[in-house]
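Colleague: Below is the structure I would like to discuss, written out as structure tokens.
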There are 2 protein chains.
Amino acid sequence: MPDERERPDAEPGRATLKEVARLAGVSRSTTSRVLNDHPSVRPDVRARVQRVMDEVGYVPDGVARSLRGGRSGIIGLVIPQPPATVFGDAYFAALVGAVVATSQGDGCTVATVLVDEPDGDRGTRAIGASERDGDLVERLATGGLLDGVVVTASVMGDPLAADLRRAGLHVVVVGEPGDRSIPSVDVDNHGGGRAAVEHLVHGGRRRLVVVGGPRTNASARSRRAGAREAAAAVGATVVADVAASDFSVDSGRRAMADLVAASDDVDFDGVVAGSDAIAFGAMKVLHDRGVAVPDQVGVVGFDDLAPARLADPRLTTVRQPIEQVGRRAVERLLDAVGGNPAATREVLEVELVSRGSTP
Amino acid sequence: MPDERERPDAEPGRATLKEVARLAGVSRSTTSRVLNDHPSVRPDVRARVQRVMDEVGYVPDGVARSLRGGRSGIIGLVIPQPPATVFGDAYFAALVGAVVATSQGDGCTVATVLVDEPDGDRGTRAIGASERDGDLVERLATGGLLDGVVVTASVMGDPLAADLRRAGLHVVVVGEPGDRSIPSVDVDNHGGGRAAVEHLVHGGRRRLVVVGGPRTNASARSRRAGAREAAAAVGATVVADVAASDFSVDSGRRAMADLVAASDDVDFDGVVAGSDAIAFGAMKVLHDRGVAVPDQVGVVGFDDLAPARLADPRLTTVRQPIEQVGRRAVERLLDAVGGNPAATREVLEVELVSRGSTP
DNA sequence: GTGAAAGCGCTAACAT
DNA sequence: ATGTTAGCGCTTTCAC
């Protein structure tokens with residue numbers, strides 16, 4: 001029997017509380033108290049237990065703790081978009097970054113969940129090996145692994161957030177929730193659309209086209225509505241109002257290409273785009289057509305992501321505080337998880353950033 | 001007593017297996033068997049139990065299952081970079097996207113973990129409310145919530161991956177692991193650097209500058225090494241060899257600005273950049289200086305992310321299969337978790353994509 | 001201040 | 001084919 005201890009430190013990280021208790025010569029209860037900084041432990045005992053913990057490299061089992069305590073320390077970030085959309089999209093990159101960073105600062109982990117088919121048969125997409133009819137929502141949601149979820153809005157009327165809520169989860173929506181009783185964090189899309197038009201008109205433009213995001217998207221809808229209202233208010237004309245199929249450069253390019261293909265020459269002097277990317281796509285088409293930006297046509301984007309500052313000309317755009325949105329969403333979710341729900345809608349301000357693509 | 005059942009369906013999603021068993025008039029074991037599609041359950045009983053499950057909206061508690069089974073169905077994606085770096089970086093966006101998508105296809109969830117301070121005092125960054133000295137690694141790793149982790153390489157010699165492995169976790173590194181015994185998935189950075197130079201030389205360029213990524217980064221180092229070797233082999237001259245502080249547009253801009261500020265005029269005709277973004281930054285400086293790309297100077301990037309196809313001129317670059325990298329990393333991690341570890345290094349091919357920024 | 005015991009929700013021998 | 005029993009690792013009354 002060469003060694004005092006039974007199994008020195010064969011399995012790092014696999015030491016159990018029970019084991020620590022035995023090694024320290026105390027009960028599991030006491031060990032647990034030490035672990036949780038419970039006051040009623042004699043200092044010397046506490047020290048001894050601590051030392052053993054350090055020696056064996058004890059780390060409490062998170063799963064067991066969750067089972068007991070009800071909280072896992074994991075929140076979900078649910079993005080109802082096909083992977084391809086999320087991949088290259090700088091908006092999502094920024095949002096995910098903000099959510100992850102904030103969560104981490106607040107001591108919890110983020111599980112990112114992409115949900116295909118925002119509109120339809122989400123249920124058919126089996127996710128595990130299990131044969132249970134396996135609605136993705138239920139599986140992830142009520143599995144209990146998640147303390148709550150931040151859901152990004154996508155298609156209007158998507159019942160996802162409401163479903164998750166009904167499943168008993170804490171939910172905060174980023175964007176417009178179908179159901180106004182669901183807490184949400186959004187930006188002032190309507191005001192942003194308005195600001196874009198006002199800026200163009202202020203620069204002397206009167207014949208505008210709107211190349212907005214998808215008509216099924218609530219944010220796109222608000223931006224568009226804001227733009228149209230502002231145009232009407234100041235007496236500018238909306239020559240055309242088209243929708244890109246998503247928020248990408250490519251869809252923006254296609255939308256603008258279709259538009260200018262229709263008429264012989266460009267009969268507008270301003271473009272209000274549904275996103276920076278759409279604006280880039282549109283500008284590309286204009287550029288290829290030999291239309292000068294901003295001299296002939298002014299272009300305003302929406303987002304103010306990094307490329308806006310790099311494009312040539314640099315893009316005038318409506319800045320939305322994505323990081324702040326992500327942060328607030330997490331903060332509010334964590335409040336709710338902690339027992340302080342606030343079923344309110346929070347709308348953050350946007351800001352027009354004037355650069356080179358407008359006069 | 002108006003209702004037969006005790007509490008109809010007051011708490012959706014909170015029904016327990018025990019409850020289902022009671023309602024269906026069977027034992028918990030049988031219920032569990034139904035849940036796991038165990039063959040030995042009489043069809044009628046199975047049907048009855050299923051029905052009760054549906055009625056009460058039963059969803060098994062993931063935490064409890066994990067506690068029992070050992071697997072949580074969650075893998076971590078550990079990125080040792082400050083949030084700010086990860087935010088706008090299209091490379092990470094693509095990688096995260098690929099990892100999430102693959103994982104989801106394989107029935108598990110991805111928890112994204114950003115670790116600040118890739119090099120140093122990671123331990124000082126407390127992550128939870130707990131007072132335990134809380135090394136981030138240990139907390140997340142051995143918490144048991146994670147079945148394994150994909151770790152992205154960053155600073156050379158970072159012990160993170162090795163630490164996690166030692167903590168008993170399954171680990172797959174994306175990039176170069178410090179320790180070659182750790183399974184990894186990488187791309188042929190060296191070959192990519194070589195290809196870039198060969199392409200430039202093939203186009204008649206002989207005086208090259210390398211604007212690589214940080215010298216502390218293994219991928220950047222390999223790309224640089226490949227470029228230098230190729231230059232030496234074909235008799236081209238590396239006029240300058242500078243390192244951007246990271247892989248961003250801005251650091252590329254700064255690096256090139258410093259370079260051209262030094263000499264009066266541009267005495268090179270080719271640039272090998274450490275990333276697409278660095279290439280863009282460099283091109284911006286050249287453009288502002290009135291240097292024509294590709295006529296006077298050819299530029300080759302590395303990554304082939306979306307912007308490469310949109311820039312003007314479109315960027316010639318070394319395409320790395322990021323999605324495939326992410327996918328393979330997850331696949332191999334899941335293999336390991338499932339009991340089929342393979343301590344190998346897998347290197348995927350890159351491909352030079354010739355566009356407008358080179359002659 | 002400390003320990004004994006019960007139990008979170010689930011699964012897996014081991015009976016029957 | 002089904003039920004009984006014993007835990008997974010932890011926390012938490014409740015006694016002492």
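The values are calculated or read from the model by the stated rules, or taken from the named source; none is laboratory data. Not measured: the values here are computed from a predicted model. Don't worry about glycine lacking a Cβ; one is built from the backbone with ideal geometry, like all the others, and counts go over all protein chains shown.
Colleague: When you scan the range B:163-173, do you find a residue that is modelled with pLDDT of 85 or more and touching a Lys or Arg at 6+ places or on another chain (Cβ under 7 Å), even just one?
Modeller: There is at least one residue in the range B:163-173 that is modelled with pLDDT of 85 or more and touching a Lys or Arg at 6+ places or on another chain (Cβ under 7 Å).
Colleague: Take the range A:222-239 and flag every residue that is buried (at least 17 other Cβ atoms within 10 Å of the Cβ) and either within 14 Å of chain B (Cβ to nearest Cβ) or under 28 Å from A:GLY178 (Cα atoms) (or both).
Modeller: From the range A:222-239, those buried (at least 17 other Cβ atoms within 10 Å of the Cβ) are A:222-224, A:226-228, A:230-231, A:236, A:238-239; that's our starting set.
If the condition is that a residue be buried (at least 17 other Cβ atoms within 10 Å of the Cβ) and either within 14 Å of chain B (Cβ to nearest Cβ) or under 28 Å from A:GLY178 (Cα atoms) (or both), then A:SER222, A:ARG223, A:ARG224, A:GLY226, A:ALA227, A:ARG228, A:ALA230, A:ALA231 are the ones that fit.
Colleague: Within the range B:321-338, can you find the residues that are within 14 Å of chain A (Cβ to nearest Cβ) and either in contact (Cβ under 8 Å) with a residue 60 or more places away in the chain or assigned to a helix (DSSP H, G or I) (or both)?
Modeller: Of everything in the range B:321-338, those that are within 14 Å of chain A (Cβ to nearest Cβ) and either in contact (Cβ under 8 Å) with a residue 60 or more places away in the chain or assigned to a helix (DSSP H, G or I) (or both) turn out to be B:PRO321, B:ILE322, B:GLU323, B:GLN324, B:VAL325, B:GLY326, B:ARG327, B:VAL330, B:LEU334, B:VAL337.
Colleague: Name the single residue, out of those in the range B:21-31 being touching a helix residue (DSSP H, G or I) at 6+ places or on another chain (Cβ under 7 Å) and surrounded by fewer than 18 Cβ atoms within 10 Å (Cβ to Cβ), that is nearest to the other protein chains (Cβ to nearest Cβ). Explain how you work it out, then say what you get.
Modeller: Restricting attention to the range B:21-31, the residues satisfying the condition of being touching a helix residue (DSSP H, G or I) at 6+ places or on another chain (Cβ under 7 Å) are B:21, B:23-24, B:26-28, B:30-31.
From what is left, the residues that are surrounded by fewer than 18 Cβ atoms within 10 Å (Cβ to Cβ) are B:27-28.
On the way: B:SER27: 20, B:ARG28: 16 Å.
The extreme case among them is B:ARG28.
Colleague: Please state which of the following conditions A:ILE79 fails to meet, knowing it meets all the rest: (1) in contact with an Asp or Glu (Cβ under 9 Å, 6 or more places away or on another chain); (2) away from DNA strand D (no atom under 14 Å from the Cβ).
Modeller: Of everything listed in (1) in contact with an Asp or Glu (Cβ under 9 Å, 6 or more places away or on another chain); (2) away from DNA strand D (no atom under 14 Å from the Cβ), A:ILE79 misses just condition (1).
Colleague: Scan the range A:33-58 for residues that are surrounded by 15 or more Cβ atoms within 10 Å (Cβ to Cβ), within 14 Å of chain B (Cβ to nearest Cβ) and either aliphatic (A, V, I, L, M) or more than 8 Å from DNA strand C (Cβ to nearest atom) (or both) and jot them down.
Modeller: A:VAL34, A:LEU35, A:VAL41, A:VAL49, A:GLN50, A:VAL52, A:MET53, A:GLU55, A:VAL56, A:GLY57, A:TYR58
Colleague: Okay, moving on. Restricted to the range B:59-85, and to residues that are at the interface with chain A (Cβ under 7 Å from one of its Cβ atoms) and of a type in the set (Gly, Ala, Ser), which residue is surrounded by the fewest Cβ atoms within 10 Å (Cβ to Cβ)?
Modeller: So the residue we want is B:ALA64.
Colleague: Right, another one. Here are some residues: A:PRO341, A:PRO313. Which one is touching a residue at least 60 places away in the same chain (Cβ under 8 Å) and either more than 30 Å from A:ASP147 (Cα to Cα) or part of a loop (DSSP other than H, G, I, E, B) (or both)?
Modeller: Details: A:PRO313 fails: touching a residue at least 60 places away in the same chain (Cβ under 8 Å).
One residue alone meets the criteria, A:PRO341.
Colleague: Tell me which residues, restricted to the range B:153-180, are closer than 17 Å to B:ARG221 by Cβ and acidic (Asp, Glu).
Modeller: Passing the criteria: B:ASP158, B:GLU176, B:ASP179.
Colleague: Being farther than 29 Å from B:PRO83 by Cα, touching a residue at least 24 places away in the same chain (Cβ under 8 Å) and part of a strand (DSSP E or B) narrows it down to one residue among B:VAL242, B:VAL260, B:VAL238; which is it?
Modeller: Values: B:VAL242 fails: farther than 29 Å from B:PRO83 by Cα; B:VAL260 fails: part of a strand (DSSP E or B).
B:VAL238 is the lone residue from the list that is farther than 29 Å from B:PRO83 by Cα, touching a residue at least 24 places away in the same chain (Cβ under 8 Å) and part of a strand (DSSP E or B).
Colleague: Here is a further query. Just checking, does the range B:86-103 include any residue being without any contact (Cβ under 8 Å) to a residue 40 or more places away in the chain and more than 8 Å from every other protein chain (Cβ to nearest Cβ)?
Modeller: No, the range B:86-103 contains no residue that is without any contact (Cβ under 8 Å) to a residue 40 or more places away in the chain and more than 8 Å from every other protein chain (Cβ to nearest Cβ).
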